[in-house]
1. In nanometres, what is the gap between the two model label sites at B:N251 and B:Q48, each 7 Å from Cα along Cα-to-Cβ?
2. Applying 1/(1 + (r/R0)^6) with R0 = 60 Å to the Cβ-Cβ distance of A:A141 and B:D59, what FRET efficiency is obtained, to the nearest 0.05?
3. Computed over the Cα atoms of chain B, what is the convex hull's projected area averaged over all directions, in nm²?
4. Once fully extended, how much extra length lies between A:A48 and A:E6, figured as 0.36 nm per residue of separation less the alpha-carbon to alpha-carbon distance?
5. Around A:A26, under 14 Å between beta carbons, what's the net of Lys plus Arg minus Asp minus Glu among the other residues?
6. What is the fewest-to-most order of A:T85, B:T3 by other Cβ atoms lying within 10 Å of their Cβ?
7. What does the helix-only formula give at 222 nm for chain B: each DSSP H stretch with n ≥ 4 adding -39500 (n - 2.57), the total divided by the residues, and the result rounded to the nearest 500 deg cm²/dmol?
8. Excluding A:G7 itself, what net charge comes from residues whose Cβ is under 14 Å from its Cβ, given Lys and Arg +1 and Asp and Glu -1?
Amino acid sequence: MSNSYEGMVPSVPYLKIDSTGEPYIAGSQCGKCGQIFFGERTICARCADRTSMQAMRLGETGKLYAYTVIHRSFPGVKTPFVAATVELDGGGVLKGTLLEVEPDPAKLAFDMPVRTVFRDSGQKDQDGRPYLNYYFVPAGA
Amino acid sequence: MATGIKDKVAILGMGCSKFGERWDCGAEELMVEAYTEALADAGIETKQIQAAWLSTCFDEVNVGKSGLALSTTLRLPNIPVTRVENFCASGSEGFRGAVYAVAAGACDIAVAVGVEKLKDTGYGGLPASSRGTIGALVNPNMSAPGNFAQLASAYRAKHGVNKDDLKRAIAHVSVKSHANGAKNPKAHLQKEVTLEQVMNAPIVAEPLGLFDCCGVSDGAACAIVTTPEIARAMGKQNIVTVKALQLALSNGLESSHNSWDGSYFHTARIAAKRAYDEAGIRNPRDELSMIEVHDCFSITEFVTMEDLHISPEGGALKDVLDGFYDADGKIACQIDGGLKCFGHPIGASGIRMLYEMYLQLQGRAGPRQRNNPRLGLTHNLGGGPNANVCSVAIIGEYN
């Protein structure tokens, strides 16, 4: 497992690969007010404290908060797909694509449990290295 | 101590080009079309203009950077000309510049012109900086419809609204705007549509279908402003003055932490409150005659009815379906057809909204004329729900 992401390029700065080769979503927590954010940051956007932000790993399970099903997108983007906003267990909110569920509102319920997965996006950078991306899937999938 | 803008500046003249697929002309000709009408309406000559503002958004596909495009096109008399850009609220920003210049006493007469020529891009939406880059790869949902569509599910989750009920309500929003636009010779889309057509149109980003999205158009609009005293001395009747001019920008709260639930516009609620205070309006639901809001998508207009403190929270569904915002309703919304029928040439839209409010207040709106309107509000939004620039302006009769 630990080598399976070797040579891959994380698609966004807040997607990281640790020293053992495991990908994770980077987050931060304010030591003063407790607010949790996705991505690493040094200043709290809630209480503006500059001294106590701590880097953390965000949880990999959560609940579907809001979504839309995209049927028309930019040239080259395959549709339809579910664009989701997920409230992560343990704090933090993250947007991403929800896979492995039919892109149909009838199949999507508010608060349905989901989990984060890390996969090859299918696209490569100019040196031929594959991009690693994160997605959501239903918790049972 | 700030005293606000109320009744310090009058609109001397306004103009608006025909909006649409203007393959027949360039951005410069569109500016001239709007300006010529405004100049004739104001009854002045170009040499009397002392400062100018040009609002455009996409300088790459439009008239370029700086105020030169306006200065050279209108042969302005070597006066200060400033180009402004503030996302989709750029038009209101140009107007704000001209109004404040007059209010400050820096000049007697100033002009604001907004223009955008979007059809030349050949693309069915706004030019997106993320297109073809890594941004599109990770965040393909960052298209404008994809971004605004999530307002709908967040609203449903918060207020427990059934999916089909919300779809019907936002469809009503579009049916109403098309009915109004059908009476406007300057609108891009001048056809009525039925509820069935809207409900059954292809989906762009659920629940937004084709008719829930505004069009892509070319257009320009223009406002000439002065002081009420000068307007009166020029013999103007039915003088319309600026009552409030507010702008609220996101500060990162919405996109940075989860105290914002995604179902409303934080900035609009703040800008509207400030505008009512500035204009001396205590109860907008009773006092406003008409509103022209930023209906880039039907769901945007829908939630904005609450953000402007007109419909109570959770009450937009009932008001919309009751026809409260229809042409013959208590407060007409998008009486000119809105972005829905005019499309959204970015730099022009904010001034185009004011143009209709101005015509209505002067009793010159033809078949769309409301009975004795007194106060008109415009709401011009730039950016997405989670980070935006929101302008709220109120104009009305001068007593």
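We did not get these values from a lab; they are worked out from the coordinates using the rules stated. This structure is a prediction, so every number in the text was calculated from the model and none was measured. Positions of Cβ are backbone-derived with ideal geometry, glycine not excepted, and every protein chain shown enters the neighbour counts.
1. 4.3 nm
2. 0.85
3. Over every viewing direction, the Cα hull of chain B projects on average to 18.5 nm².
4. Here the segment from A:A48 to A:E6 would lengthen by 11.4 nm.
5. -1
6. Neighbour counts put them in this order, fewest first: B:T3, A:T85.
7. Working: 15 runs with 148 residues, N = 399.
Rounded to the nearest 500, it is -11000 deg cm²/dmol.
8. Local net charge: -2.
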